[in-house]
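Before any comments, here is the structure.
Values in this text are rule-based calculations from the coordinates and carry no lab data. Model, not experiment: these values are computed from the prediction. Methodologically, a virtual Cβ is constructed for each residue, glycine included, from the backbone with ideal geometry; neighbour enumeration extends over all protein chains shown.
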Amino acid sequence: MFFIFSKLLDFVLSPAVWLVGLVMLALLVRNARWQKRLLWAAATGLVLFTNPALLNAAMLAWEIPPVTLRQLGHHDAGILLTGITEGRKSPHDRVYVSQGADRLLHTLWLYRAGRIRRIIITGGSGAVGGAQGHSEAKELQILLRLAGVPKQAILLETRSRNTRENALFTKQLLAQHPEIKSTVLITSAFHQRRAIGCFAKVGLHPAPFPAGYYSSDHKPTLAYWLVPGDQPLALWSILLHEMAGYAVYRVLGYAS
């Protein structure tokens, strides 16, 4: 039930849905004053939610800052969180990678740079009613193997469906490998807060290594502050969903 509820947040916490709802409500009400207020609210929301500067400022405040290799040091293993493949796309003779591919690329980078000696990939199917046997961890293993990472350097956790289960099942996996004493948690920058909180809750304290940034450096241009775009509207949904997910995890005791 919780798994399905978490997926519904994507729809409920969408500014696009809010704006459409305000316009539809304005068309339904008969009171001219309320109709005007609703239309003004929709127009104001449209201006705010399509402003790239406001979205970027919010992302910069939420995302965990980058970590340099010197700051990171050396660790026994990197824990790569999945959620970056698209299993519904055909033909199924390849692995489709989405926006968060930086998680995978940065994991490979850390391995090639000698900062991690092994790679733990954690993730089953993150889709509602996902196909039995489908595992994102196995798909990402294919890509790492093609990139030259030896099989013995990769450990798989293939049951988890969300961040809480990533932490729980990774802890069980690590219990079978006492030689792994220090780890790095590699996930998207906007997701790092919740991920670190979930791992801390089960007694694991990996070093954070955020990747896949939605934010960018501030730009001292007039267009950056004034020209609207359609991308901020979609990114607000991602940010609000993550913030709500973090709050729910804290309330339920899933994250510290």
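In degrees between 0 and 90, to the nearest 10, how far off the longest principal axis of the chain does helix 52-62 point, with axes built from Cα atoms?
Helix 52-62 sits roughly 40 degrees off the main axis of the chain.
For labels at residue 92 and residue 200 in the simple 7 Å Cα→Cβ model, what's the distance in nm?
Each label point is offset 7 Å from its Cα along the Cβ direction, giving 4.0 nm.
If contacts are Cα pairs under 8 angstrom and at least 6 residues apart, what is the relative contact order of the chain in percent? Write down the numbers at each step before the final one.
Values: 390 pairs, mean separation 69.0, N = 256.
Once divided by the residue count of the chain, the mean separation gives 27 percent.
Taking only DSSP H segments of four or more residues, each worth -39500 (n - 2.57), what value at 222 nm results for the chain once the sum is divided by all its residues, to the nearest 500 deg cm²/dmol?
Numbers: 11 runs with 130 residues, N = 256.
For the chain, the value works out to -15500 deg cm²/dmol.
On C-alpha positions alone, give me the angle between the axis of helix 102-112 and the longest principal axis of the chain, in degrees, nearest 10.
20
Cα axis of helix 163-175 to longest principal axis of the chain: angle in degrees, 0 to 90, nearest 10?
Its long axis makes an angle of about 10 degrees.
Quote the charge dipole size of the chain about the Cα centre in Debye, to the nearest 20; the model charges only the Cβ of Lys and Arg (+1) and of Asp and Glu (-1). Please list the in-between numbers first.
On the way: 27 positive and 14 negative charges, 60 e Å.
It comes to approximately 280 debye.
Between 180, 64, 120, find the one with the highest GNM mean-square fluctuation for the chain; connect C-alpha pairs within less than 10 Å.
Per the Cα network of the chain with a 10 Å cutoff, 180 tops the list.
Quick one: among 194, 88, 161, which has the greatest mean-square fluctuation in a GNM of the chain with alpha-carbon springs under 10 angstrom?
Highest fluctuation of the listed residues: 88.
For residue 187, list long-range residues whose amide hydrogen, built 1.01 Å from N in the peptide plane, is under 5 Å from its own amide hydrogen.
209, 211
With just the Cα atoms defining each centre, how far is region 69-87 from region 217-256? Give it in Å.
A separation of 22 Å, based on Cα centres.
Would you kindly work out the equivalent ellipsoid of region 70-211 from its C-alpha gyration tensor and give its semi-axes, the square roots of five times the eigenvalues, largest first in whole Å?
On the way: eigenvalues 96, 59, 40 Å².
One finds semi-axes of 22, 17, 14 Å for region 70-211.
Determine the alpha carbon to alpha carbon distance for each of 151/181; 151/201; 171/201 and list only those over 22 Å. Write out the running numbers ahead of the final one.
Details: 151/181 20 Å; 151/201 30 Å; 171/201 11 Å.
From the list (151/181; 151/201; 171/201), the Cα-Cα distance tops 22 Å for 151/201.
Choose one answer from 92, 74, 205: the residue with the largest mean-square fluctuation in a GNM of the chain with alpha-carbon springs under 10 Å.
The residue that fluctuates most here is 92.
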